[in-house]
Amino acid sequence: MNVNLLQTPIDYLKGVGPNRAKVMRSELGIETYDDLLNFFPNRYLDKTRFYKINELQRNSAEVQVVGKITHIKTVAQKRGKRLVADFTDGTGKMELVWFRGHKWIRENLKLNTPYVIFGKTNWFNGLFSMPHPDMELVEDYKKQLRTAMQPVYPSTEKLAKAGISNRVINKMMQQLFIESKGRFQETLSKEILAEQKLIPKAEALFNIHFPKSQELLAKAQFRLKFEELFFIQLQLIRKNLLHKKKIKGYIFESVGEHFADFYNNHLPFALTGAQKRVIKEIRADLGSGAQMNRLLQGDVGSGKTIVALMAMLIALDNDFQACLMAPTEILSIQHYNGLQELCEKMDLELALLTGSTKTAKRREIHEKLENGEINIIIGTHALLEDKVQFKNLGLAVIDEQHRFGVAQRSKLWKKSRSQEGEKLSLPSGGTKGVLLPPHILVMTATPIPRTLAMSLYGDLDISVIDELPPGRKPVKTVHRYDSNRLKVFGFIRDEIKKGRQVYVVYPLIQESETMDYKDLMDGYESIAREFTDFQISIVHGQMKPDAKDYEMDRFVKGETQIMVATTVIEVGVNVPNASVMIIESAERFGLSQLHQLRGRVGRGAEQSYCILMTGHKLSEDSRTRLQTMTTTNDGFEIAEVDLKLRGPGDLMGTQQSGVLNLHIADIVKDNQILQHARHVASMVLKEDPNLQLEKNKIILHTFTQITRKKTIWNYIS
Ligand code: ADP
Ligand code: MG
């Protein structure tokens, strides 16, 4: 079909309009017809059968019944009223119940007219009732393009509020299929379709939205998952091949003066074996002539910073500049101070650039970066601004990389002013004076299980620091119920009296920000009432950056003993004297986040503690998470559990985007398809590395379209 039609803004689809389009853009990222088409249901309701009322079972799942409303009444209850409709199908009677939206329902419901209703039933006082049923006139029901398996699309509160219900999405989808006549271009080659026994694209799209049967749905899902994973793998493998072959990098031949001076004279402690190994790996990369693209994984506190510094010193030794980018201002400042201290006795110029750097200072920094006076710049996203240009950036280090968005990272690449690596053609000979992309080192404390990392970051090399510096005492972690709060307070008091400091962390989850904020404030007040003899800091997202820094700084200096905060302190903050981490409503945090938070303590010589506070009511998953936390300190083990519990979507902590922004495949559950797709992709590229063969034309076409729209960084976030 006409590709252009699919590029039409969603506003133009009949039944959408500008208001709904706006919500769909912001909530679902749906901008075009094509985006809508690729917005897939996350489950299906089985409406293959109709039930009679006299067949209904207690505790049954959702059921579908045809019948008529004979009477509607309002019933007073403790709070407000409920609306009750008598519903009968000739075999028996049941009640439909609404607790809100009375007026609309009363005005619109038709008496003695056949309806198809669908929902979950309750059994009470000898009668079945169905609260807030899905209902539709039989007359309309028959007119719809409809299938037995009813798709349920992902939804959000805001979507629901804007009236974009599942049924509305469904209608839009129908409209889309009508306008396009359901003709969608094939995206895979005939050969692959035949070999892998895949159904055609158009058929798959139809059946994913309007499945005709369980069997066709399964085929559609398989086809679309395969395709999604295939093209990601194609991109990864191709990128990897290109890297190995074409993307040249600066050759840092010498490990010279700065590195040696630091290593011999200023190293504040002996490096761990793991740190030494990783530095060697990095050194090898930097001297290889290819651009380094390395992911450094290391648990919180494993000592990644010093590794980064030593890599940067190698860049300096070769007359290049280096930068270190961190996701928050607080963290940038800490890095800056830490590195300043480490480099104190060396003749280096370090600078800090963040959003709050004053204009005059900013100008000075810009200048000094361009003329090469600054050797190492540390900062936040501010480093990415167009005005920031380097004389010769040789190495970019990105800390806690999962906190950065996609576009941001690729921007760093372009700081070297040469475009995408793939287009670089290189002169033979040395790399002096040639403009090349900087070497990239990304660091993360969120461990990704190796097997997963291989398929996700196929284009990155991976180093792991799997050893903590000696003398660390593992953090003791316990789970306590809210009812034991007084004891916990007593413990806090004892620790502070010993000279320690304490974090108290509250969850902050966007959907219910105001409520969380209230929890935080209530908590702060109760702590303030309890500990009148101590100084308390508070830091949360609604504060101005200045105020945050001020409070943070007081805590760092030890002027305050208790830090009450939301998760803003999660990343990287280093206060070695803080030895107690209290996590409130711990059941609301993901595992990796809990682990990150716990990593804020246990940084000094003292025994540290992490106390997970919850109420008594806990889900199965929450219990597993809490138990995992209390039984292990090993980030990789925790990551494995996390992966099993939640899938990779949440692996990276709070970020909804997760590791991979997949439409339909699930990296964990569909791991077999993934492996398979990877194999097929590598076979295709082996035979035809540039996809030039006639039979692969269609793959090339799809591939070009996908990569034009998004690079692999869009998948990995
Ligand atoms: P992370 O990997 O979480 O970024 P850091 O680099 O902040 O960890 O290191 C955590 C702490 O451990 C710092 O105070 C650092 O000085 C210290 N450290 C790092 N490496 C060693 C080592 N080999 N021996 C002793 N202490 C170390
Ligand atoms: Mg760190």
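Number of residues in region 246-266 that are of a type in the set (Ser, Thr, Tyr) and either modelled with pLDDT under 85 or closer than 22 Å to residue 440 by Cβ (or both) equals 2. Residues of region 336-355 that are touching a helix residue (DSSP H, G or I) at 6+ places or on another chain (Cβ under 7 Å) and either not aliphatic (A, V, I, L, M) or not assigned by TED's automatic domain parsing to the domain that holds residue 392 (or both): 338, 345, 354, 355.
Of the strands (runs of 3 or more DSSP E) lying entirely inside region 91-164, those containing at least 1 residues that are under 17 Å from residue 75 (Cα atoms) span 93-98, 122-124, 127-131.
Checking 275, 297 one by one, the residue that is in the same structural domain as residue 436 (by TED's automatic domain parsing), within 13 Å of ligand 1 (Cβ to nearest atom), in a strand (DSSP E or B) and touching a strand residue (DSSP E or B) at 6+ places or on another chain (Cβ under 7 Å) is 297 and no other. You will find that of 381, 402, the residue that is out of contact with any helix residue (DSSP H, G or I) (no Cβ under 9 Å at 6 or more places or on another chain), modelled with pLDDT under 95 and buried (at least 18 other Cβ atoms within 10 Å of the Cβ) is 402 and no other.
Can you name the residue in region 42-73 that is surrounded by fewer than 13 Cβ atoms within 10 Å (Cβ to Cβ) and touching a Leu at 6+ places or on another chain (Cβ under 8 Å) and, of all such residues, is farthest from residue 112 (Cα to Cα)? Per the criteria, the residue is 73.
Considering (1) surrounded by fewer than 18 Cβ atoms within 10 Å (Cβ to Cβ); (2) at pLDDT 90 or above, the lone condition that residue 13 does not fulfil carries the number (1). On inspection, residue 314 passes the criterion of being buried (at least 21 other Cβ atoms within 10 Å of the Cβ) and either more than 16 Å from ligand 2 (Cβ to nearest atom) or under 29 Å from the mean Cα position of the chain (by Cα) (or both). Among the candidates 214, 221, 233, 196, the residue that is over 21 Å from residue 695 (Cβ atoms) and crowded, with 16+ Cβ neighbours inside 10 Å is uniquely 221.
Taken as a whole, the condition of being aliphatic (A, V, I, L, M) and within 16 Å of ligand 2 (Cβ to nearest atom) applies to residue 578.
Would you please name the residue that is nearest to ligand 2 (Cβ to nearest atom), looking only at residues in region 264-310 that are of a type in the set (Ser, Thr, Tyr) and crowded, with 17+ Cβ neighbours inside 10 Å?
Our first condition is that a residue be of a type in the set (Ser, Thr, Tyr); within region 264-310, this holds for 272, 288, 302, 305.
Adding the requirement that they be crowded, with 17+ Cβ neighbours inside 10 Å leaves 272, 302, 305.
On the way: 272: 15, 302: 9, 305: 5 Å.
Among those that are of a type in the set (Ser, Thr, Tyr) and crowded, with 17+ Cβ neighbours inside 10 Å, it is 305.
The number of residues in region 590-610 being touching a Lys or Arg at 6+ places or on another chain (Cβ under 8 Å), surrounded by 23 or more Cβ atoms within 10 Å (Cβ to Cβ) and over 17 Å from residue 637 (Cβ atoms) comes to 1. Candidates are the residues of region 165-187 that are in contact with a Lys or Arg (Cβ under 6 Å, 6 or more places away or on another chain) and assigned to a loop (DSSP other than H, G, I, E, B); the one that is nearest to residue 209 (Cα to Cα) is 184. Somewhere in region 322-335, is a residue out of contact with any Gly (no Cβ under 9 Å at 6 or more places or on another chain) and not hydroxyl-bearing (Ser, Thr, Tyr)? Within region 322-335, one or more residues are out of contact with any Gly (no Cβ under 9 Å at 6 or more places or on another chain) and not hydroxyl-bearing (Ser, Thr, Tyr).
In the set (1) crowded, with 20+ Cβ neighbours inside 10 Å; (2) away from ligand 2 (no atom under 16 Å from the Cβ); (3) assigned by TED's automatic domain parsing to the domain that holds residue 381, the condition left unmet by residue 330 is number (2). Across region 547-555, not a single residue is classified as modelled with pLDDT of 80 or more, of a type outside the set (Phe, Trp, Tyr) and either under 13 Å from residue 479 (Cα atoms) or in contact with a Lys or Arg (Cβ under 8 Å, 6 or more places away or on another chain) (or both). Within region 325-345, the set of residues being away from ligand 1 (no atom under 11 Å from the Cβ) and not charged (D, E, K, R) comprises 325, 327, 328, 330, 332, 333, 336, 337, 340, 343. For the condition modelled with pLDDT under 90 and under 31 Å from the mean Cα position of the chain (by Cα), what is the one hit in 144, 235, 221? The conditions single out 235.
The values are calculated or read from the model by the stated rules, or taken from the named source; none is laboratory data. Every value quoted in this text rests on a predicted model; they were computed, and no experiment measured them. Neighbour counts are summed over all protein chains in view; Cβ atoms, including those assigned to glycine, are modelled from backbone coordinates with ideal geometry.
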